Amino acid sequence: MRYLTREWYDLCQQTHLHFGMRVHRGAQIRDEVLYLRLYKRKEKEFINLHRDVYNVDPRYMLEGDGAVMIPVEQFVSGDIRQEDTIIYHMPDDEKEEIQKKIAEYDARPLFDVVNCKQEFKDNLEWSCADKGNQLPSELLAKIADIRVFSLGYCTKEVMRELKKLSNENKRKMEHISNEYVQMQQSEDIPQHIRSRFGFHDCQVTEILFGKDMIIRLETRSGFTDFNKITLVAAETIKQEGQIVGSYWIYDELYRTGSGYEVHVLFSGVGDPECIIRCEDIIIEEE
């Protein structure tokens, strides 16, 4: 990757460092009593949220069957006629999937509070380590207790620094993004490839190597129905990490003298990356 690198991706994650944070006067010093009180408060919120999600009855998903749908134009104008309405009939296979979810819901065990508390504890420990690696040492030195900070509380001074750092990171990220857009627009990529080459959040399920490289995707989490990419006469220039099972997040596409060069950054263990040169690109739906 020339623009949308791992470093750029990390920068994207650091443009809202102050979001969810609250100023607390007690955050100026390390106070075990304060930490334990805030811990219990946040733990309770975490448990209540997860219990509510756990107890959502999937029967509500059946309510859409038989619903009356009205075209946007008629709804906005208020001129709604009977002949303009559409009755939605849910497909049988979708109903079957919902019935399976209902059966699983009815057979589910009681909500596991103990396990939920452990999950909260593990998440907080991970957050403490992550923020310790993420924030500049100068800012970390102003945080009295990284545990309290990870729970979402800081001093006014730290809040100001977080906002300043977030804005700086956002400017850098947007500058690189704009350069990337200009570069991609200048590349002589045929429209039938450019319009289909978008696989953000699709999961790689299979890669077949041969004279051609075939990549198959699970697209349910993405924004496309095209699930098969054939890179004709492919040559692997770079491949890092385990790509199968990872999610396609960003790509760069260049025109070369004899074809194309594809750069892809994936989300997975170690954030895999690859660069492939090929003579042609065939994108289709199986």
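Proximity of backbone amide H atoms, modeled 1.01 Å from N, is registered between residue 250 and 265 at under 5 Å, excluding neighbours fewer than 5 places apart on the same chain. All alpha carbon pair distances within segment 78-148 were sorted into 5 Å bins beginning at 0; the resulting P(r) in whole percents reads 3, 11, 10, 9, 8, 8, 8, 8, 8, 9, 9, 7, 3, 0. Shown here: mean projected area of the Cα convex hull in nm², derived from the displayed model; of the candidates (1) 22.1; (2) 30.9; (3) 15.1, it corresponds to (1).
Consider a paramagnetic label point 7 Å from the Cα of residue 48 along Cα→Cβ; state which residues of segment 138-154 have an amide N under 19 Å from it. In segment 138-154, the label zone of residue 48 (backbone N under 19 Å from the point 7 Å along Cα→Cβ) covers 151-153. Taken one residue at a time, the phi angles of segment 21-28 give Karplus couplings (6.51, -1.76, 1.60, θ = phi - 60°) of 8, 10, 6, 9, 4, x, 6, 6 Hz. Gly and Pro are set to x.
So if I average 1/r over every pair of distinct C-alpha atoms in segment 115-224 and take the inverse, what Kirkwood radius in Å does that give?
About 18.7 Å, per the Kirkwood formula over Cα pairs.
3J(HN,Hα) along segment 170-183: 5, 4, 5, 4, 5, 4, 5, 4, 5, 4, 4, 4, 4, 5 Hz, from the Karplus curve 6.51 cos²θ - 1.76 cosθ + 1.60 with θ = phi - 60°, whole Hz, x for Gly and Pro. In units of the rule-of-thumb radius 2.2 N^0.38 Å, segment 1-96 shows an alpha carbon radius of gyration of 1.99.
Close amide H contacts of residue 244 (hydrogens built in the peptide plane, cut-off under 5 Å, sequence separation of 5 or more or a different chain): none are found.
With 28 Å as the limit, the listed pairs 142/172; 101/131; 42/172; 95/117 have 101/131; 42/172; 95/117 beyond it between alpha carbons. Our coupling estimate for segment 135-151, obtained by passing each phi through the Karplus curve with A = 6.51, B = -1.76, C = 1.60 and θ = phi - 60°, is 8, x, 4, 5, 6, 4, 5, 8, 9, 5, 9, 4, 5, 5, 4, 5, 7 Hz, Gly and Pro reported as x.
Distant-in-sequence amide contacts of residue 152, defined by a placed amide H-H separation under 5 Å and a gap of 5 or more residues or a different chain, comprise nothing.
Each value in this text was obtained by applying a stated rule to the coordinates, not by laboratory testing. Quick caveat: nothing in here was measured; it's all calculated off a predicted structure. Virtual Cβ from ideal backbone geometry, glycine too; neighbours counted across all protein chains shown.
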